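Down below is the structure, laid out as structure tokens.
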Amino acid sequence: MNRGTIIGALGGLAAGVSLGAIALAAPSFAHLAQGSTIAPMAAQLGTSTVAGQQARWGTLPNLADLVEAVSPAVVQIEVRQASPIRQMSGPQANPFAGTPFEDYFQFGPGGPGGQGGEAPDRRGSGSGFFISGGYIVTNNHVVDEAKSLTVVLQDGRELTGTVVGTDPRTDLAVVKVDGSNLPKGLPWGDSNRARPGDNVFAIGAPFGLQNTVTAGIVSARGRDIRSGQYDDYIQVDAPINQGNSGGPLFDQSGAVIGVNSAIYSPSGGNVGIGFSIPSELAQGIVQQIIDNGSVQRGWLGVAISPVTPEIAASLNVQAKGAVVNNVTAEGPAAKAGLREGDIILRFGDREVNHVQDLTRAVADTKAGTPRDVRIVRDGREQSIRVTIAKLDDSAAPKPVAANTAPSDAGGMSLAELGLGLASRDGAVVITSVGVNSHAADLGIRAGDRIVKVGQDAVSTPEAVRKAVDAARKLGRTAVLLQVERDDQRFFAGIPIQD
């Protein structure tokens, strides 16, 4: 990676737990890789076969022919960037800054081994791959703020690269080179068909070592590493290191199913956890950049959050979908009649089981396109037709900061929620949050304001008390609060304690 994206949560703990298990498993792995079956072991453990077939660990495929065929299309990208060196060059600033995990979650050159301060110019190196007609796919954080790009081909040729366009939201970029006898572009594969356990391999330039091949398996799908709202990474155990950023992840047919972008690491080196942007997402973004030089996304005009089990319990609904926290004035959702507290279950023909399902579905919708949105409101399902607008990337979200806490803690104690309440300027203000309470775990702070309990607006602590008592009488185990902090609102489901 271009001193690439390095991430790792609880890295020290994970490293301390797993090393012994890996060492013990290695001899068995080497034995099974020689074509033996696992049926005898399964019989000893009493494990049944699936669909009447004997589970086998076949001989791992020889990748030499595939590697020879695809390697010419994989390139090294050498970059010159101006100083000062930023502390971030991934899709977002480090969301863990200021926490005990800041050293493990680092994005870009500020990570372990990176350099800081002023310098005449910074030189970095990443990877990329040809897809067609001189176009090369790589990561945004590889080419971000580049003064010049040099694309190094497998045959040693060095070509000047030009950035066609970038998409920081997904950490993708396209570079163009001109020249004769350019390598044939690589085909996109179907990342939706990738399953945990599938064999994969990667080619890139880790630490500047061009055309390095590593192999492994798909470890998981749909990983959210909190680098952006469109996270949907393929997790792999194929060794990926700094300099691999922007390189291709291949399936067993030699098709590209991912663009390598990030690693989980407490040390800056490979620990067997890498992340690739799936081809199903990357292919459309790359084509938009080639066609338009930028990426256009649909905009719904809502702020959303997951429907947690506590929120579901408070509303007596299933724990799926996305709850609407805020509706932007004059936005598409507001014009269509969507409200705060609505739960979105379906957008067009797409089910919304998680927040990312909705963000991706809206982003993929062309501006001006109408969509039916299925929601739950006041316990009943209904459909609302929304016409999607164009997302304005220049509009930065307003930062959320803590409210100033009231100067005194007078008012009411609501022990069943772990909150102290008071009436201030016609609003209910939280004066205290119980230590180790569920409200504290959700990040609720003194100074926050309670706007609604359930679907009902409240303006006094007594109204909050009555709403909580009413929820208890209905047999609800949790209560839904809409909380406001510096003009930003969100919903929190809080269990009702005895």
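FYI, it's all coordinate maths here, none of it is from the lab. Please read all numbers here as calculations on a predicted model, not as lab measurements. Glycine gets a Cβ as well: all are built from the backbone with ideal geometry, and neighbour counts include every protein chain shown.
Some observations on this one:
- Other-chain or far-sequence residues with amide H under 5 Å of Ile217's (modelled H): Val200, Asp237, Ala238
- As computed over the stretch 238-376, the Cα convex hull volume per residue (Å³): 173
- Two-decimal Rg/Rh across the stretch 306-365, once Rg and the Kirkwood Rh are taken from alpha-carbon atoms: 0.97
- Taking amide H positions as modeled 1.01 Å from N, with prolines and chain starts lacking one, the residues under 5 Å from Val75 and 5 or more places away or on another chain are Gly128, Phe129, Phe130.
- Count Lys and Arg as plus one, Asp and Glu as minus one, and take only other residues whose Cβ is under 10 Å from that of Ala367; the net charge is then +3.
- Among 237-243, 313-319, the order from most to least packed when residues are scored by Cβ within 10 Å on average: 237-243, 313-319
- Ranked Ser261, Ser132, criterion: other C-beta atoms within 10 Å, fewest first: Ser132, Ser261
- Near the amide H of Val302, within less than 5 Å, lie the amide hydrogens of Thr328, all on another chain or at least 5 residues away, with H placed in the peptide plane.
- Projected area, mean over directions - the stretch 240-318, Cα convex hull, nm²: 9.6
- Cα centroid of the stretch 172-209 to Cα centroid of the stretch 343-367, whole Å: 28
- Other residues with beta-carbon under 14 Å from the beta-carbon of Arg350 carry, at +1 per Lys or Arg and -1 per Asp or Glu, a net charge of -2.
- Net charge of the neighbourhood of Val143, taken over other residues with C-beta under 12 Å away and scored Lys/Arg +1, Asp/Glu -1, is -2.
- The stretch 412-495 shape via C-alpha gyration tensor axes, a/c threshold 1.5: rounded
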